[in-house]
1. What fraction of the DSSP beta bridges in segment 19-119 is antiparallel, stated in percent and rounded to the nearest 5?
2. Over the chain, what is the relative contact order in whole percent, taking alpha-carbon pairs under 8 Å and six or more residues apart?
3. Summarise the accessible area of the chain (1.4 Å probe, protein heavy atoms) by the percent that is carbon and sulfur.
4. With every protein chain left in place, what is the accessible area per residue of segment 67-168 in square angstrom, probe 1.4 Å?
5. How far apart, in nanometres, would the label points at D208 and A87 be if each is projected 7 angstrom from Cα along the Cα-to-Cβ direction?
6. Quick one: if you take sqrt(5λ) for each eigenvalue of the C-alpha gyration tensor of segment 165-257, what semi-axes come out, biggest first, whole angstrom?
7. What number results when the radius of gyration of segment 136-213, computed over Cα atoms, is divided by 2.2 N^0.38 Å?
8. Taking a cut-off of 31 Å, what percent of all Cα-Cα pairs in the chain are separated by more than that?
Amino acid sequence: MTGNDTATIDLNADLGEGFGRWHLTDDEALLDIVTSANVACGFHAGDPPTMRRVCELAARRGVAIGAHVAYRDLAGFGRRAMDVPPAELAAETAYQIGALETFARAAGTRVRYVKPHGALYNRTVHDEEQAEAVAEGVALTGLGLPVLGLPGSRLHRAARRAGLPAVSEAFADRAYTAAGTLVPRRAEGAVLTDADEVVARSVGIARDGQVTARDGGTVRVRARSLCVHGDTEGARDLAARVRDGLRAAGLRLEPFA
């Protein structure tokens, strides 16, 4: 193998993204496909019954549970830019992880990692202060959890300084810039839905450590985990195609955590 120098890849999806009677992600179907589940913790989506249900479903299937922490933004689904004081963001990050850990432990497992969501994920790629706050919040829990994020991000640097493992992630269904960052969602073509294209990109990332950027150039991407978004239309079928494509290419799927 080249690129990642490994025949193993993790496949993750954002799950539990509902609230009350509103359901967005097909949690049960996707949990039959992915190896890791980024579970919404109530700030951008999710509520206690949903968190409990998804943790139970994941535990039965041996799927690793991650805390999908976010800005407090239910109305904007956590995708709106926000300025949160660092001390407040650290406390809210720890709070979200702690809530999910309760349900994970009740289901006979535990939270295995942390991944920021939406605007917080993108902000911590380049914002030192916000990245440090998230890392502080993860460290506050005392669980020593790995932090999942873009390679080379401020978040990864902050996690390492806090003594936390930093795990690199890539996206099967998102367009990349020439700098190796994600094309903003508001831009046309930022989210990819053509199954053949997504599968080919997934194999290229997992096996060869590279992806084609929006400008046509090649970007080196080293990733231990690959994300397929659970809120994309047809997410279940797309995730299944990605899983099958990775296996056909000789990759073994298993949780990184």
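1. Antiparallel: roughly 10 percent of the beta bridges in segment 19-119.
2. It rounds to 23 percent for the chain.
3. 48
4. 41
5. Label at D208, label at A87, 5.1 nm between them.
6. Taking √(5λ) for each Cα gyration eigenvalue gives 19, 16, 13 Å.
7. Output field value: 1.29.
8. Distances greater than 31 Å cover 16 percent of the Cα pairs.
The values are calculated or read from the model by the stated rules, or taken from the named source; none is laboratory data. Since the model is a prediction, treat every value here as computed from it, not as a measurement. Glycine gets a Cβ as well: all are built from the backbone with ideal geometry, and neighbour counts include every protein chain shown. Quick note on the areas: whole protein, heavy atoms, side chains included, nothing else; ligands and nucleic acids left out. Shrake-Rupley method; radii C 1.70, N 1.55, O 1.52, S 1.80 Å.
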